[in-house]
Amino acid sequence: MSRRGPGVAEKTARVILSQAKQNRRLYEEAAKSYQNNPRHCTRAMNMLYEGLRKGRLMLIPSSAVEFDGMGA
């Protein structure tokens with residue numbers, strides 16, 4: 001039983017790491033899309049608003065605040 005615990009924890013950690021790498025790729029693709037077409041940013045901001053309105057936790061990179069002078 002005690003041998004099973006660390007194995008399960010390690011497997012869970014690997015799954016989480018894999019998902020994080022996949023999410024990073026998706027964020028990179030989205031960033032390229034926003035850079036080429038600022039109107040896509042409007043859609044992203046709407047999605048952010050809807051998520052926050054429903055009480056969900058959102059993590060926003062600091063570079064997003066600097067986008068198009070929004071943080072100035």
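Read-outs: derived from the displayed coordinates by stated rules, not from any lab. Please read these numbers as outputs of a predicted model, since none were measured by experiment. Here the Cβ is made from the backbone with ideal geometry for all residues, glycine too, and neighbour counts use every protein chain on show.
With Cβ to Cβ distances under 14 Å as the rule, what net charge do the other residues near Ile16 carry (K, R +1; D, E -1)?
Net charge in that neighbourhood comes out at +3.
Can you give me the distance in nm between label points at Arg53 and Ala31, each placed 7 Å from the Cα along the Cα-to-Cβ direction?
Each label point lies 7 Å from its Cα, and together they span 2.9 nm.
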